[in-house]
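Coordinate-derived values only; no laboratory data. This structure is a prediction, so every number in the text was calculated from the model and none was measured. Neighbour counts are summed over all protein chains in view; Cβ atoms, including those assigned to glycine, are modelled from backbone coordinates with ideal geometry.
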Amino acid sequence: MADENSPEGLEAFTAYWLELFSYGYETNDWAPFEAVTDPGCRTCENLKAEVQKHYESGGWIDGGGISLNSTNTEFVENTTGSINSFIDITQNEILYFDSSGIEVKGSKKTEPVLGVSIAYWEVDHWVMLDFGSPEGS
Amino acid sequence: MSAALKTIALVAFLIALVASSTPAIDEEAGPSAGITESGWVNAGNTVRQAVGGGKRAPTMGRVDAQPAALPEDDGISYTYVRACTAGAGSDLDPATCPRMDAQCDAQDDGILVNWIELDSTVRPATRTPTGRSSCMYPGEAPAPPIEGVEAPEEAPIVITLEEFQKQPVLAATIVSQPSNFGLRNAHSNVYAQAQEQEFTFEFQDAEIVLKARPVSYQWNYGDGTGATTTTPGGPVDGAAFDTETPTSHQYTRTGDFQLILTTYFAGDYSVDGGPFQPVAGEAAVVSEPHLMSIWRTEGHNVSENCIENPQGIGCAAPTR
């Protein structure tokens, strides 16, 4: 359904996209994520860079999966032709292990967080343009 | 001003934002990839960046022959709708509005609104969401997004970790049970008492309110081992010899050990009463060393007390 240009399709795509994001945390494999994410998404780049930095130092990450609690979209194209949704998400506990397997840092499971996602229907598939907190907040 | 030019101005603004908020992640505290940490930034309405033959998102398609002309009435105006009710139709979850409006916490009763572009150069006039949102507070007219794009001439005031570390953040107090004693190989309960703290100071002619909250605890037990916990731990009931807790430790040798605790504080700051935003990185505050005196136990059966037999076992001063 994530390949449909409809509100339901966008919601399915958003859930799928968050799964790819979570997959990146666990594996540091960002190819599937980047394939459907615009490089202009600064939150994505920031978080990805932190995860990559940790893996590059020889460590790994357990957890960090982001789940989608609910979405809310008008499904109307904005001035640049993309679609805004408000998304309610929760991120699981993140455990950071160093190269010798010692847990060096952790962050707890978050409370539900309100974010905005901006997606663009590109010919035959969705692309995530931006993801983060609502402007003005 | 043409829509295309506005888009360029918006993109330029976003780039300027990226450049100005250099995230000074503290090396010691380590990076953080949590969504609620510093990496989580505003999502704005941008155009698709051309990668791998990707098409640009359609813009409004109007071309202005004199892009340098002064702004004039171009028939474009802005209006707003409440974000939580927009698009919800008749099945609005009662929790949606409080959840969304909680983002606007600079004052009471803040409301998150979405901006709509009204184009009256065409008949009938069109309404197009701009993809931008902002907070509206009682008694104040919210600023349309266009002003937000053109206004930011001053660099935003950013409180760095360096500034955060200059604040007199009170270190955590270390408590161990019972008193400063523990038994070899038993779980000795130690825990931290750290407080959320608030500081007000002047920085670049602005009044900064900085809130520090403890987020993690790095324990150096003084016996060559250590651990990092996100919980401060807490007291346990009773005599508390040998009770395992998230922060307890098993000493494998007897002796006196200096326990050193480093507490990491996350900071959130507000500039001139504005919204709170996180400081990139965490401030490390070291507590006073705490003495842990570790003993071993030895059991014997006796038939006399120490008054009857002062030379009896356990009647002399203890040795390790």
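Overview of values
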quantity	calculated
Cα centroid separation, the stretch A:1-40 to the stretch B:226-281 (Å)	37
For the stretch A:73-80, Karplus couplings with θ = phi - 60° (6.51, -1.76, 1.60), whole Hz, Gly/Pro x	9, 7, 6, 10, 5, 8, 4, 9
Integer Hz, Karplus 6.51/-1.76/1.60 couplings in order for the stretch B:295-306, x for Gly and Pro	10, 10, 10, 9, x, 9, 9, 10, 10, 10, 8, 6
Computed label-point distance, nm, for sites B:V209 and B:D242 using a 7 Å Cα→Cβ extension	5.1
Amide H partners (placed H, <5 Å) of B:N185, local residues excluded	B:Y251, B:T252, B:R253
FRET efficiency, 1/(1 + (r/R0)^6) with R0 51 Å, evaluated for B:Q195 and A:E8 via beta carbons	0.60
Listed residue (A:G132, A:N5, A:N72) projecting farthest to the positive dipole end of chain A, Cβ model	A:G132
B:D109-B:Q258 pseudo-label distance in nm [points 7 Å out on the Cα-to-Cβ vector]	5.8
R0 of 35 Å, Cβ-Cβ distance B:S303-B:T173: FRET efficiency to nearest 0.05	0.20
Inter-label distance, nm, simple model (7 Å from Cα along the C-beta direction), B:A125/A:D29	5.3
Note, ³J(HN,Hα) from phi for the stretch B:225-230, Karplus 6.51, -1.76, 1.60, rounded to Hz, x at Gly and Pro	10, x, 7, 10, 10, 9
Share antiparallel - DSSP beta bridges, the stretch A:7-132, percent rounded to 5	95
